[in-house]
Every structure is written in C-alpha cells, then in structure tokens.
Amino acid sequence: EAGVAQSPRYKIIEKRQSVAFWCNPISGHATLYWYQQILGQGPKLLIQFQNNGVVDDSQLPKDRFSAERLKGVDSTLKIQPAKLEDSAVYLCASSLGIGSYEQYFGPGTRLTVT
Amino acid sequence: ILNVEQSPQSLHVQEGDSTNFTCSFPSSNFYALHWYRWETAKSPEALFVMTLNGDEKKKGRISATLNTKEGYSYLYIKGSQPEDSATYLCFNTDKLIFGTGTRLQVFP
C-alpha cells in the first residue's frame, strides 16, 4: 500500500513570495490533515478535511494561508505572501475517519523563508 | 488542564534501562488519545490509539495506559534500545492538539 505522498520535500523562498505544497493521501482515506511543525514544538493542526469538506480550520491564518481538497482526494496548501515565521515543516496526514482512526503521515515539506 | 502537556521534554537513558513518560490532557469530552513515534528524518508513526478508561495496550517492549477520568496517559518502554531514540508525541482527538513531545535518546 502506497503511503502519503508530499511534494516538494524542501523549499526555500524569500519573504513575501508565494509557495504551494501538495499532498496525496492513502487511497480510501476520507480524512486529510495539514500540520505546521515549528522546531521545538509539537505539530499544530492547520486544517482538517473530511472528503472535500472542511471540518476544522480554526488555526489556519486565513489572511495568508489557503487549502483545498476539491475532489476529496489530493490537497494543496498555499501560503501567499510568506513571512519569516512560516519557516517550518508542513506535514500532511490521512486517516480512514475522524477520532479513533490512526493518522498516517507523509514525509513533510521543510519550508525556509529568508 | 486546557492543553496537551508532555513530560519530561527530554530523556537520556542507557541501553537496557526502562523508562516512562506522561501525557496530560483535558479530561472533559474525551474521545481518543493517540501516541506517535517520530524518528529524525522520518514521518511520525502511530503506536497506539486509546479510547477507553483503563485501556492498556502493548507493542513489543512499548506499552501505554490511559486514565480518562484524571486526564493522563503513560507510555512505557522496557529495556530501551538505541533504536528507540525518537520523539514520542501524544495527540488528543477532541482538541485536535499534539503535545510538544518527549525526546528520548538511548545511549549504547
């Protein structure tokens, strides 16, 4: 079974530029999560999708971050414009459902904003 | 407790030592608690999903217990090995919050 795919693995951009990350979850997984993990902290949930609907985006900085999962399969997360404090690892995870289902994580995208 | 807290933040042990760490979480409206292991340069990997008060789960030398009434879970590693070196994270599914993790280093 293929795991969660993410691209790119690394990205370096200057502040005020835009960047997009892509995630393809495990086939059949209805729930998809995007997390931001800053060094020394636990991953912080940015947005949770159930199929193509948003379940929780309360911690997504909507003035600069956007995410979509139009067909209920793969997803993109965009930052526009980027700030220095956006430097982090962005993790995508998927699960069969919400709550008691374990999450399967992709390799992450390490973003550096200079 | 309003947040998910883990202790200690880091732990250094010798190979063969047994160790344990704690995850504390809000006990109201509890649904499930996950434990994940995150090795450097790899993706987080699920260890346990715990839902019932008094749950005890085991995978090899690693086990976990759950107390939903008082809002804590313990993770135990028996006879630590260098390959157990990783950050261990707990995740509260009601609050959708990860703890900050316990970074374990096992020295040969």
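The values are calculated or read from the model by the stated rules, or taken from the named source; none is laboratory data. In this text, all values refer to a predicted model and were calculated from it rather than measured experimentally. Note: ideal-geometry Cβ built from the backbone for every residue, glycine included; neighbour counts use all protein chains shown. What goes into the accessible areas is simple: the full protein's heavy atoms, side chains included, and nothing from ligands, DNA or RNA. Shrake-Rupley method; radii C 1.70, N 1.55, O 1.52, S 1.80 Å.
Here is how the numbers come out for the structure above:
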{"read-out": "Carbon plus sulfur fraction of accessible area for region B:4-108, probe 1.4 Å, in percent", "value": "45 percent"}
{"read-out": "Residue with peak Gaussian network fluctuation, chain B [Cα springs, cutoff 10 Å], from B:Ala64, B:Ala86, B:Ala41", "value": "B:Ala41"}
{"read-out": "Scattering curve values for region A:23-84, log₁₀ I(q)/I(0), Debye with Cα scatterers, q = 0.12, 0.20, 0.29 Å⁻¹", "value": "-0.30, -0.78, -1.30"}
{"read-out": "Residues of chain A: accessible area per residue with a 1.4 Å probe, Å²", "value": "50 Å²"}
{"read-out": "For chain B: relative contact order, % (alpha-carbon pairs under 8 angstrom, 6 or more apart)", "value": "38 percent"}
{"read-out": "Chain pair B, A: total accessible area buried, heavy atoms, 1.4 Å probe, Å²", "value": "1400 Å²"}
{"read-out": "Greater than 21 Å apart at Cα, pairs in A:Lys62/A:Lys83; B:Lys58/B:Lys78; A:Lys44/A:Lys83; B:Lys42/B:Lys78; A:Lys44/B:Lys59", "value": "B:Lys42/B:Lys78; A:Lys44/B:Lys59"}
{"read-out": "Full-extension gain in nm, A:Asp63 to A:Trp22, via 0.36 nm per residue minus C-alpha separation", "value": "12.8 nm"}
{"read-out": "Euclidean distance of C-alpha centroids, region A:79-114 and region B:1-45, integer Å", "value": "19 Å"}
{"read-out": "Longest segment of chain B lacking GluC sites (Glu not before Pro) that sit in a DSSP loop with at most 15 other Cβ atoms within 10 Å", "value": "B:71-108"}
{"read-out": "Whole-number percent relative contact order across region B:49-108, with pairs defined as alpha carbons under 8 Å at least 6 apart", "value": "23 percent"}
{"read-out": "Threshold 40 Å² - residues in region A:87-105 whose accessible area is reduced by that much or more when the chain is no longer isolated, probe 1.4 Å", "value": "A:Gly99, A:Ser100, A:Glu102, A:Gln103, A:Phe105"}
{"read-out": "Kirkwood hydrodynamic radius over Cα pairs of the protein assembly as shown, then Stokes diffusion coefficient at 25 °C and 0.890 mPa s, in µm²/s", "value": "136 µm²/s"}
{"read-out": "Average partner coverage of A:33-39, which counts Cβ from other chains inside 10 Å", "value": "1"}
{"read-out": "Shielded residues, region B:58-101 - accessible-area loss of 30 Å² or more between chain alone and all protein chains, probe 1.4 Å", "value": "B:Phe91, B:Leu96, B:Phe98, B:Thr100"}
{"read-out": "Carbon/sulfur fraction of accessible area - chain A, other protein chains in place, 1.4 Å, %", "value": "49 percent"}
{"read-out": "Relative compactness, chain B, computed as alpha-carbon Rg over 2.2 N^0.38 Å", "value": "1.01"}
